[in-house]
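> Got a structure here, written out as structure tokens. Questions coming.
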């Protein structure tokens, strides 16, 4: 999919590979959309989609060594052209935008207004007031006659 050789219209006549890729999750609408953006960037640069796809993988810090999978000398030569690909900021932004992963449930629910309202009751919180000189634990200890000055080691300063 990264080399953008797969498209929605590139179905095999017998359907074996297509069905296998659909069944194992390799051919998705998201993947096809990414392949379309890779092809657009490749056309802008006068490069092949494979070169742009591999160059984009090399830009990712999480990818240490992409496997090129060249079967012929021509494919190897094409893949080595990856080293000359340079992206503009807008091209990288388009590629990254196409590659955004949807987090799904429960993240989408919790980030929604409805999720925040149902979880917190639309509770509004205010920042804590700061008291000059002493922490709340130190004030409580001194007020209750414990004599602690906020040492952080005694049980009162640890919040017990």
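Each value in this text was obtained by applying a stated rule to the coordinates, not by laboratory testing. Small disclaimer: the values here were computed from a predicted structure and weren't measured. No Cβ is skipped: glycine too gets one built from the backbone with ideal geometry, and neighbour counts run over all protein chains shown.
> If the viscosity is 0.890 mPa s and the temperature 25 °C, what translational diffusion coefficient in µm²/s does Stokes-Einstein give for region 16-108 when Rh comes from Kirkwood over Cα pairs?
Estimated via Stokes-Einstein, D reaches 167 µm²/s.
> Using only the alpha carbons of region 28-78, what is the convex hull's orientation-averaged projected area in square nanometres?
Approximately 4.2 nm², given one-decimal rounding.
> Let me ask something else about it. Sort 68, 101, 34 so the one with the fewest other Cβ atoms within 10 Å of its own Cβ comes first.
So the ranking, lowest neighbour count to highest, is 101, 68, 34.
> Further, regarding this structure: Between residue 110 and residue 97, what is the spin-label point distance in nm, taking each point 7 Å from the Cα along the Cα→C-beta axis?
2.8
> Rounded to the nearest 0.05, what FRET efficiency do residue 19 and residue 44 have when you use their Cβ-Cβ distance and R0 = 25 Å?
0.15
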